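A short worksheet on the structure shown next.
The values are calculated or read from the model by the stated rules, or taken from the named source; none is laboratory data. What you see is a predicted model; the values in this text were computed from it and never measured. A quick note on method: Cβ atoms are made from the backbone with ideal geometry, for glycine too, and the neighbour counts reach across all protein chains shown. We work out accessible area using only protein heavy atoms, side chains counted, and drop any ligands, DNA or RNA first. Shrake-Rupley method; radii C 1.70, N 1.55, O 1.52, S 1.80 Å.
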Amino acid sequence: MSAPDHDRYEDSAAAHLLDALPELEEQAFARHVMGCAPCRDEVERLRAAVEALPRSVTPLRPPPDLRRSIMDAVAADLSGAGDETAPARPALVARVRERFRSAGVGPRLRPAAAWVSAAVLLAAGVVAGLATDELLGGEPDDRRVAATVDESRLVEGSGTLLVPEADDPAVLSVNGVPTLPDANTNGIYQVWLVRGDERIPAALLSVGADGSGAATIPQGVDDADAVWVTRERAGGSRAPTERPVMSVSLD
Amino acid sequence: MQLVQDGDPRAFEVVYDRHGGPAFSLAYRMVGNRVVAEDITQEAFLSIWRSRSRYQRERGSVRTWVLGIVHHRTIDALRRNLVHDRRRTSAEGLEEREAAERTEVEVVRRDEARTVRSALDGLPGEQCRVIELAYFGGFTHMQIASMLDMPVGTVKGRMRLGLEKLRRTMAGEAA
(Lines give C-alpha, C1' and ligand atoms only; values in the text may rest on other atoms or scores of the structure.)
Protein backbone atom coordinates (compact mmCIF):
# COMPACT_ATOMS: atom_id res chain seq x y z
CA MET A 1 0.00 0.00 0.00
CA SER A 2 1.39 3.37 -0.97
CA ALA A 3 1.86 6.17 1.52
CA PRO A 4 -0.16 9.40 1.17
CA ASP A 5 2.91 11.33 0.03
CA HIS A 6 3.92 8.69 -2.52
CA ASP A 7 3.67 11.06 -5.49
CA ARG A 8 6.41 13.26 -4.09
CA TYR A 9 8.84 10.35 -3.81
CA GLU A 10 7.82 8.32 -6.83
CA ASP A 11 11.09 8.98 -8.69
CA SER A 12 13.38 8.99 -5.67
CA ALA A 13 14.17 5.28 -5.42
CA ALA A 14 16.75 5.34 -8.20
CA ALA A 15 18.45 8.46 -6.85
CA HIS A 16 18.45 6.88 -3.38
CA LEU A 17 20.16 3.73 -4.67
CA LEU A 18 22.74 5.83 -6.54
CA ASP A 19 23.54 7.78 -3.34
CA ALA A 20 22.35 10.86 -5.22
CA LEU A 21 19.83 12.24 -2.77
CA PRO A 22 21.00 15.19 -0.68
CA GLU A 23 21.16 14.37 3.01
CA LEU A 24 17.85 15.89 4.07
CA GLU A 25 15.96 14.38 1.16
CA GLU A 26 17.62 11.01 1.84
CA GLN A 27 16.37 11.13 5.41
CA ALA A 28 12.89 12.06 4.26
CA PHE A 29 12.87 9.26 1.68
CA ALA A 30 14.07 6.75 4.27
CA ARG A 31 11.13 7.68 6.49
CA HIS A 32 8.72 7.54 3.57
CA VAL A 33 9.86 4.17 2.23
CA MET A 34 9.21 2.47 5.55
CA GLY A 35 5.50 3.02 5.05
CA CYS A 36 5.27 2.74 1.27
CA ALA A 37 5.21 -0.72 -0.26
CA PRO A 38 5.49 0.42 -3.91
CA CYS A 39 8.64 2.40 -3.13
CA ARG A 40 10.12 -0.55 -1.21
CA ASP A 41 9.41 -2.78 -4.19
CA GLU A 42 11.01 -0.27 -6.53
CA VAL A 43 14.15 -0.08 -4.38
CA GLU A 44 14.46 -3.86 -4.33
CA ARG A 45 13.79 -4.16 -8.07
CA LEU A 46 16.40 -1.56 -9.09
CA ARG A 47 19.00 -2.67 -6.55
CA ALA A 48 20.42 -5.31 -8.89
CA ALA A 49 21.18 -2.67 -11.52
CA VAL A 50 23.06 -0.48 -9.06
CA GLU A 51 24.97 -3.44 -7.67
CA ALA A 52 26.16 -4.19 -11.20
CA LEU A 53 27.68 -0.72 -11.67
CA PRO A 54 30.96 -1.29 -9.79
CA ARG A 55 31.49 -4.40 -11.89
CA SER A 56 31.78 -2.22 -15.00
CA VAL A 57 35.05 -0.78 -13.71
CA THR A 58 38.32 -1.83 -15.32
CA PRO A 59 39.91 -4.18 -12.77
CA LEU A 60 43.24 -2.99 -11.44
CA ARG A 61 45.69 -4.54 -9.03
CA PRO A 62 46.03 -2.62 -5.79
CA PRO A 63 49.57 -1.82 -4.67
CA PRO A 64 51.09 -4.75 -2.72
CA ASP A 65 51.78 -2.67 0.38
CA LEU A 66 48.09 -1.81 0.75
CA ARG A 67 47.40 -5.36 1.93
CA ARG A 68 50.06 -5.06 4.63
CA SER A 69 48.78 -1.65 5.71
CA ILE A 70 45.26 -2.98 6.09
CA MET A 71 46.31 -6.05 8.04
CA ASP A 72 48.55 -3.90 10.28
CA ALA A 73 45.53 -1.71 10.99
CA VAL A 74 43.43 -4.78 11.75
CA ALA A 75 46.12 -6.11 14.09
CA ALA A 76 46.29 -2.74 15.86
CA ASP A 77 42.53 -2.74 16.12
CA LEU A 78 42.59 -6.20 17.69
CA SER A 79 45.34 -5.36 20.14
CA GLY A 80 43.58 -2.17 21.11
CA ALA A 81 40.34 -4.04 21.82
CA GLY A 82 38.85 -2.39 18.73
CA ASP A 83 35.64 -0.55 19.13
CA GLU A 84 33.29 -1.93 16.50
CA THR A 85 31.28 1.22 16.50
CA ALA A 86 34.16 3.65 16.10
CA PRO A 87 34.08 5.39 12.74
CA ALA A 88 37.18 4.96 10.61
CA ARG A 89 36.75 8.15 8.59
CA PRO A 90 38.46 10.57 10.98
CA ALA A 91 41.67 8.63 10.39
CA LEU A 92 41.27 9.22 6.68
CA VAL A 93 40.67 12.91 7.24
CA ALA A 94 43.74 13.15 9.43
CA ARG A 95 45.92 11.32 6.95
CA VAL A 96 44.75 13.35 3.98
CA ARG A 97 45.36 16.54 5.89
CA GLU A 98 48.78 15.33 6.94
CA ARG A 99 49.65 14.63 3.33
CA PHE A 100 48.54 18.10 2.35
CA ARG A 101 50.87 19.49 4.98
CA SER A 102 53.78 17.28 3.99
CA ALA A 103 53.30 18.32 0.38
CA GLY A 104 53.42 21.95 1.42
CA VAL A 105 49.82 22.45 0.41
CA GLY A 106 47.31 23.72 2.90
CA PRO A 107 44.26 21.52 3.49
CA ARG A 108 42.14 24.17 1.86
CA LEU A 109 38.87 22.72 3.04
CA ARG A 110 37.00 25.60 1.55
CA PRO A 111 33.37 26.45 2.06
CA ALA A 112 31.17 24.63 -0.38
CA ALA A 113 30.78 26.19 -3.79
CA ALA A 114 27.75 28.26 -4.52
CA TRP A 115 26.05 25.49 -6.42
CA VAL A 116 26.64 23.02 -3.62
CA SER A 117 25.18 25.48 -1.17
CA ALA A 118 22.26 25.92 -3.50
CA ALA A 119 21.81 22.16 -3.53
CA VAL A 120 21.55 22.13 0.25
CA LEU A 121 19.01 24.92 0.15
CA LEU A 122 17.15 23.06 -2.54
CA ALA A 123 17.16 19.93 -0.42
CA ALA A 124 15.47 21.89 2.32
CA GLY A 125 13.04 23.12 -0.30
CA VAL A 126 12.17 19.62 -1.34
CA VAL A 127 11.53 18.55 2.19
CA ALA A 128 9.38 21.58 2.72
CA GLY A 129 7.47 20.78 -0.43
CA LEU A 130 8.70 23.78 -2.41
CA ALA A 131 8.87 23.79 -6.19
CA THR A 132 12.53 23.09 -6.79
CA ASP A 133 12.50 24.07 -10.46
CA GLU A 134 11.76 27.62 -9.45
CA LEU A 135 14.93 27.70 -7.41
CA LEU A 136 17.21 26.40 -10.16
CA GLY A 137 18.17 29.42 -12.13
CA GLY A 138 21.74 28.71 -13.16
CA GLU A 139 24.76 29.33 -10.99
CA PRO A 140 26.61 32.58 -11.58
CA ASP A 141 29.87 31.24 -10.14
CA ASP A 142 30.04 28.37 -12.62
CA ARG A 143 32.05 28.84 -15.77
CA ARG A 144 31.70 26.78 -18.94
CA VAL A 145 34.72 26.58 -21.22
CA ALA A 146 34.52 25.03 -24.68
CA ALA A 147 37.17 22.49 -25.63
CA THR A 148 39.40 22.65 -28.68
CA VAL A 149 39.21 19.39 -30.63
CA ASP A 150 41.77 17.84 -32.96
CA GLU A 151 39.37 17.30 -35.83
CA SER A 152 41.77 14.99 -37.64
CA ARG A 153 41.25 12.43 -34.87
CA LEU A 154 37.88 13.41 -33.37
CA VAL A 155 35.93 14.34 -36.44
CA GLU A 156 32.67 15.22 -34.74
CA GLY A 157 33.84 15.64 -31.17
CA SER A 158 33.02 18.51 -28.90
CA GLY A 159 33.48 19.14 -25.22
CA THR A 160 32.69 21.57 -22.45
CA LEU A 161 34.37 21.95 -19.10
CA LEU A 162 32.18 23.05 -16.23
CA VAL A 163 34.36 24.96 -13.79
CA PRO A 164 32.70 25.60 -10.44
CA GLU A 165 34.21 27.79 -7.80
CA ALA A 166 37.90 27.14 -7.18
CA ASP A 167 38.88 23.74 -5.77
CA ASP A 168 35.52 22.11 -6.31
CA PRO A 169 35.10 19.21 -8.72
CA ALA A 170 35.06 20.16 -12.36
CA VAL A 171 33.17 18.15 -14.95
CA LEU A 172 34.18 17.60 -18.55
CA SER A 173 31.24 16.70 -20.80
CA VAL A 174 31.85 15.44 -24.32
CA ASN A 175 29.75 14.62 -27.35
CA GLY A 176 30.49 13.05 -30.70
CA VAL A 177 33.44 11.10 -29.32
CA PRO A 178 33.80 7.57 -30.71
CA THR A 179 34.03 4.67 -28.32
CA LEU A 180 37.38 2.95 -28.38
CA PRO A 181 37.46 -0.62 -29.70
CA ASP A 182 37.29 -2.17 -26.25
CA ALA A 183 37.58 0.21 -23.35
CA ASN A 184 38.24 -2.61 -20.90
CA THR A 185 41.29 -4.04 -22.60
CA ASN A 186 42.58 -1.85 -25.38
CA GLY A 187 42.10 1.71 -24.35
CA ILE A 188 40.30 4.47 -22.60
CA TYR A 189 40.12 8.23 -22.74
CA GLN A 190 42.19 9.77 -19.98
CA VAL A 191 41.85 13.30 -18.65
CA TRP A 192 44.95 15.25 -17.63
CA LEU A 193 45.57 18.45 -15.76
CA VAL A 194 48.33 20.52 -17.34
CA ARG A 195 50.28 22.77 -15.03
CA GLY A 196 53.48 24.15 -16.50
CA ASP A 197 55.48 21.15 -17.64
CA GLU A 198 53.50 18.77 -15.46
CA ARG A 199 50.91 16.39 -16.89
CA ILE A 200 48.84 15.10 -14.00
CA PRO A 201 46.42 12.15 -14.36
CA ALA A 202 43.03 13.50 -13.33
CA ALA A 203 40.26 11.13 -14.40
CA LEU A 204 39.16 8.45 -16.80
CA LEU A 205 36.45 9.34 -19.31
CA SER A 206 33.78 6.84 -20.24
CA VAL A 207 32.01 7.39 -23.53
CA GLY A 208 28.67 5.84 -24.35
CA ALA A 209 27.51 4.34 -27.61
CA ASP A 210 26.02 7.69 -28.63
CA GLY A 211 29.39 9.40 -28.27
CA SER A 212 28.55 11.33 -25.13
CA GLY A 213 30.24 11.07 -21.80
CA ALA A 214 31.38 12.93 -18.74
CA ALA A 215 34.33 12.80 -16.37
CA THR A 216 34.55 14.29 -12.93
CA ILE A 217 37.83 15.95 -11.97
CA PRO A 218 37.54 15.63 -8.20
CA GLN A 219 40.40 17.93 -7.29
CA GLY A 220 39.08 20.73 -9.50
CA VAL A 221 41.10 22.69 -12.03
CA ASP A 222 42.26 25.52 -9.81
CA ASP A 223 45.73 26.70 -10.91
CA ALA A 224 45.79 24.31 -13.89
CA ASP A 225 46.74 25.79 -17.24
CA ALA A 226 44.69 23.39 -19.30
CA VAL A 227 42.80 20.11 -19.32
CA TRP A 228 43.75 17.51 -21.90
CA VAL A 229 42.13 14.33 -23.13
CA THR A 230 44.22 11.56 -24.67
CA ARG A 231 43.65 7.94 -25.62
CA GLU A 232 45.51 5.61 -23.28
CA ARG A 233 45.71 1.98 -22.28
CA ALA A 234 43.18 0.49 -19.88
CA GLY A 235 43.69 1.74 -16.35
CA GLY A 236 45.38 4.89 -17.53
CA SER A 237 48.99 5.88 -18.14
CA ARG A 238 51.69 7.58 -16.14
CA ALA A 239 52.03 10.32 -18.75
CA PRO A 240 50.22 11.13 -21.99
CA THR A 241 51.36 8.92 -24.84
CA GLU A 242 49.97 11.09 -27.60
CA ARG A 243 49.06 14.67 -28.35
CA PRO A 244 45.68 15.57 -26.84
CA VAL A 245 42.66 14.78 -28.94
CA MET A 246 40.81 17.45 -26.97
CA SER A 247 42.05 20.30 -24.81
CA VAL A 248 40.54 23.04 -22.72
CA SER A 249 42.66 26.14 -22.16
CA LEU A 250 42.22 27.75 -18.76
CA ASP A 251 44.50 30.74 -19.25
CA MET B 1 32.84 -15.25 6.35
CA GLN B 2 31.84 -16.95 9.60
CA LEU B 3 35.50 -17.00 10.64
CA VAL B 4 35.78 -13.29 9.90
CA GLN B 5 32.73 -12.62 12.01
CA ASP B 6 34.36 -14.63 14.77
CA GLY B 7 37.31 -12.21 14.63
CA ASP B 8 39.87 -14.28 12.70
CA PRO B 9 42.29 -11.85 10.96
CA ARG B 10 43.63 -14.59 8.66
CA ALA B 11 40.14 -15.13 7.31
CA PHE B 12 39.90 -11.38 6.80
CA GLU B 13 43.07 -11.52 4.71
CA VAL B 14 41.27 -13.93 2.42
CA VAL B 15 38.38 -11.47 2.12
CA TYR B 16 40.85 -8.76 1.16
CA ASP B 17 42.61 -11.02 -1.34
CA ARG B 18 39.28 -11.75 -3.02
CA HIS B 19 37.75 -8.31 -2.97
CA GLY B 20 40.58 -5.83 -2.47
CA GLY B 21 41.17 -5.50 -6.21
CA PRO B 22 37.58 -4.61 -7.14
CA ALA B 23 37.39 -2.30 -4.11
CA PHE B 24 40.54 -0.41 -5.08
CA SER B 25 39.45 -0.31 -8.74
CA LEU B 26 36.10 1.23 -7.81
CA ALA B 27 37.67 3.87 -5.58
CA TYR B 28 40.22 4.72 -8.27
CA ARG B 29 37.48 4.96 -10.92
CA MET B 30 35.64 7.45 -8.71
CA VAL B 31 38.50 9.68 -7.54
CA GLY B 32 41.00 9.27 -10.40
CA ASN B 33 43.85 9.42 -7.93
CA ARG B 34 45.90 6.45 -6.79
CA VAL B 35 46.89 7.72 -3.35
CA VAL B 36 43.39 8.78 -2.38
CA ALA B 37 42.01 5.48 -3.72
CA GLU B 38 44.47 3.62 -1.47
CA ASP B 39 43.43 5.70 1.55
CA ILE B 40 39.77 5.09 0.89
CA THR B 41 40.29 1.35 0.34
CA GLN B 42 42.21 1.04 3.58
CA GLU B 43 39.62 2.94 5.57
CA ALA B 44 36.82 0.95 3.97
CA PHE B 45 38.41 -2.38 4.87
CA LEU B 46 39.05 -1.26 8.41
CA SER B 47 35.39 -0.26 8.58
CA ILE B 48 34.41 -3.65 7.15
CA TRP B 49 36.52 -5.38 9.79
CA ARG B 50 34.94 -3.37 12.57
CA SER B 51 31.41 -3.90 11.30
CA ARG B 52 31.91 -7.57 10.36
CA SER B 53 29.19 -8.71 12.72
CA ARG B 54 26.63 -6.77 10.68
CA TYR B 55 27.11 -8.72 7.46
CA GLN B 56 23.98 -10.69 6.59
CA ARG B 57 24.38 -13.34 3.95
CA GLU B 58 20.72 -13.25 2.98
CA ARG B 59 21.04 -9.58 2.01
CA GLY B 60 23.70 -10.15 -0.63
CA SER B 61 27.15 -11.42 -1.44
CA VAL B 62 30.29 -10.40 0.42
CA ARG B 63 31.49 -8.64 -2.71
CA THR B 64 28.34 -6.56 -2.95
CA TRP B 65 28.63 -5.67 0.73
CA VAL B 66 32.30 -4.70 0.41
CA LEU B 67 31.78 -2.63 -2.73
CA GLY B 68 28.79 -0.89 -1.18
CA ILE B 69 30.91 0.22 1.77
CA VAL B 70 33.73 1.36 -0.54
CA HIS B 71 31.23 3.34 -2.60
CA HIS B 72 29.80 5.06 0.47
CA ARG B 73 33.27 5.90 1.74
CA THR B 74 34.30 7.35 -1.59
CA ILE B 75 31.15 9.43 -1.88
CA ASP B 76 31.84 10.67 1.61
CA ALA B 77 35.37 11.70 0.66
CA LEU B 78 34.18 13.39 -2.53
CA ARG B 79 31.43 15.33 -0.81
CA ARG B 80 33.63 16.39 2.06
CA ASN B 81 36.04 17.75 -0.48
CA LEU B 82 38.90 15.58 0.73
CA VAL B 83 40.00 14.81 -2.78
CA HIS B 84 42.01 17.94 -3.16
CA ASP B 85 45.37 18.82 -4.45
CA ARG B 86 46.94 15.40 -4.53
CA ARG B 87 48.39 16.06 -7.92
CA ARG B 88 52.04 15.64 -7.12
CA THR B 89 51.43 12.34 -5.43
CA SER B 90 49.11 11.11 -8.15
CA ALA B 91 51.67 11.30 -10.92
CA GLU B 92 52.35 7.59 -10.70
CA GLY B 93 50.11 5.77 -13.11
CA LEU B 94 48.76 2.30 -12.79
CA GLU B 95 50.20 0.78 -15.88
CA GLU B 96 52.95 -1.01 -14.03
CA ARG B 97 50.36 -3.10 -12.28
CA GLU B 98 48.67 -4.09 -15.50
CA ALA B 99 50.67 -7.29 -15.51
CA ALA B 100 51.20 -9.00 -18.81
CA GLU B 101 50.08 -12.31 -17.39
CA ARG B 102 46.67 -12.27 -15.77
CA THR B 103 45.19 -14.67 -13.34
CA GLU B 104 42.06 -16.58 -14.21
CA VAL B 105 40.09 -14.43 -11.78
CA GLU B 106 41.32 -11.27 -13.47
CA VAL B 107 40.29 -12.58 -16.86
CA VAL B 108 36.81 -13.36 -15.54
CA ARG B 109 36.56 -9.89 -14.01
CA ARG B 110 37.58 -8.26 -17.26
CA ASP B 111 34.92 -10.23 -19.08
CA GLU B 112 32.39 -9.21 -16.47
CA ALA B 113 33.42 -5.57 -16.73
CA ARG B 114 33.06 -5.74 -20.50
CA THR B 115 29.55 -7.19 -20.17
CA VAL B 116 28.32 -4.57 -17.72
CA ARG B 117 30.05 -1.79 -19.63
CA SER B 118 28.30 -2.95 -22.77
CA ALA B 119 24.95 -2.86 -21.00
CA LEU B 120 25.69 0.68 -19.77
CA ASP B 121 26.73 1.75 -23.25
CA GLY B 122 23.40 0.44 -24.49
CA LEU B 123 21.51 3.03 -22.46
CA PRO B 124 20.45 6.29 -24.07
CA GLY B 125 23.33 8.72 -23.54
CA GLU B 126 21.44 11.07 -21.27
CA GLN B 127 20.44 8.21 -18.96
CA CYS B 128 23.95 6.80 -18.83
CA ARG B 129 25.38 10.23 -18.11
CA VAL B 130 23.21 11.00 -15.08
CA ILE B 131 23.84 7.52 -13.66
CA GLU B 132 27.60 7.84 -14.07
CA LEU B 133 27.71 11.35 -12.64
CA ALA B 134 25.76 10.16 -9.63
CA TYR B 135 27.36 6.78 -8.97
CA PHE B 136 30.95 7.40 -10.04
CA GLY B 137 31.06 11.18 -9.70
CA GLY B 138 29.38 11.36 -6.32
CA PHE B 139 27.07 14.20 -7.33
CA THR B 140 23.57 14.64 -6.01
CA HIS B 141 20.66 14.86 -8.42
CA MET B 142 20.46 18.59 -7.78
CA GLN B 143 24.09 19.17 -8.61
CA ILE B 144 23.66 17.14 -11.79
CA ALA B 145 20.58 19.15 -12.70
CA SER B 146 22.58 22.33 -12.30
CA MET B 147 25.51 21.02 -14.35
CA LEU B 148 23.41 19.75 -17.20
CA ASP B 149 20.90 22.60 -17.16
CA MET B 150 17.87 20.39 -16.73
CA PRO B 151 15.10 20.15 -14.14
CA VAL B 152 15.67 17.99 -11.08
CA GLY B 153 12.65 15.90 -12.00
CA THR B 154 14.17 15.11 -15.39
CA VAL B 155 17.41 13.96 -13.77
CA LYS B 156 15.58 11.69 -11.34
CA GLY B 157 13.40 10.32 -14.12
CA ARG B 158 16.43 9.52 -16.27
CA MET B 159 18.10 7.79 -13.35
CA ARG B 160 15.01 5.65 -12.87
CA LEU B 161 14.58 4.82 -16.55
CA GLY B 162 18.28 4.09 -16.96
CA LEU B 163 18.44 1.75 -13.98
CA GLU B 164 15.28 -0.01 -15.09
CA LYS B 165 16.68 -0.61 -18.54
CA LEU B 166 20.03 -1.71 -17.13
CA ARG B 167 18.27 -4.15 -14.82
CA ARG B 168 16.32 -5.64 -17.68
CA THR B 169 19.41 -5.94 -19.85
CA MET B 170 21.42 -7.63 -17.12
CA ALA B 171 18.56 -9.96 -16.26
CA GLY B 172 18.24 -10.91 -19.91
CA GLU B 173 21.89 -11.75 -20.15
CA ALA B 174 21.72 -13.83 -17.04
CA ALA B 175 18.66 -15.76 -18.23
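Per-structure values
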item	result
In the range B:157-168, the residues that are touching a helix residue (DSSP H, G or I) at 6+ places or on another chain (Cβ under 6 Å), facing another protein chain (nearest Cβ under 7 Å) and surrounded by fewer than 24 Cβ atoms within 10 Å (Cβ to Cβ)	B:R160, B:R167
The range B:106-120 - residue that is in contact with a helix residue (DSSP H, G or I) (Cβ under 8 Å, 6 or more places away or on another chain) and either more than 7 Å from chain A (Cβ to nearest Cβ) or modelled with pLDDT under 50 (or both) and, of those, least open to solvent (accessible area, probe 1.4 Å)	B:A119
Matching residues, the range B:13-68, being among the aromatic types (F, W, Y) and touching a Leu at 6+ places or on another chain (Cβ under 8 Å)	B:F24, B:Y28
Close pairs (9 angstrom Cβ cut-off, 6 or more residues apart or separate chains): without any contact (Cβ under 8 Å) to a residue 24 or more places away in the chain and open to solvent by 50 Å² or more (accessible area, probe 1.4 Å) in the range A:31-49, of a type in the set (D, E) and in a helix (DSSP H, G or I) anywhere	A:R45/B:E164
Those residues of the range A:213-247 which are of a type outside the set (D, E), open to solvent by 10 Å² or more (accessible area, probe 1.4 Å) and closer than 23 Å to A:P178 by Cβ, in sequence order	A:A214, A:T216, A:A226, A:W228, A:R231, A:R233, A:P240, A:T241, A:R243, A:P244, A:S247
Cross-chain or 6+ apart pairs with Cβ under 7 Å, the range B:155-175 first and part of a helix (DSSP H, G or I) and at pLDDT 90 or above, then open to solvent by 70 Å² or more (accessible area, probe 1.4 Å) and acidic (D, E)	B:R158/B:E126
Index of the failed condition, B:Q143 passing every other in (1) closer than 26 Å to A:G236 by Cβ; (2) more than 7 Å from chain A (Cβ to nearest Cβ)	(2)
Answer from A:D251, A:D197 - the residue that is free of Cβ contacts under 8 Å to residues at least 12 places away in the same chain, at negative phi and more than 21 Å from the chain's Cα centre (by Cα)	A:D197
In the range B:52-79, the residues that are closer than 25 Å to B:T140 by Cβ and either free of Cβ contacts under 8 Å to residues at least 40 places away in the same chain or basic (K, R) (or both)	B:G60, B:T64, B:W65, B:G68, B:I69, B:H72, B:R73, B:D76, B:R79
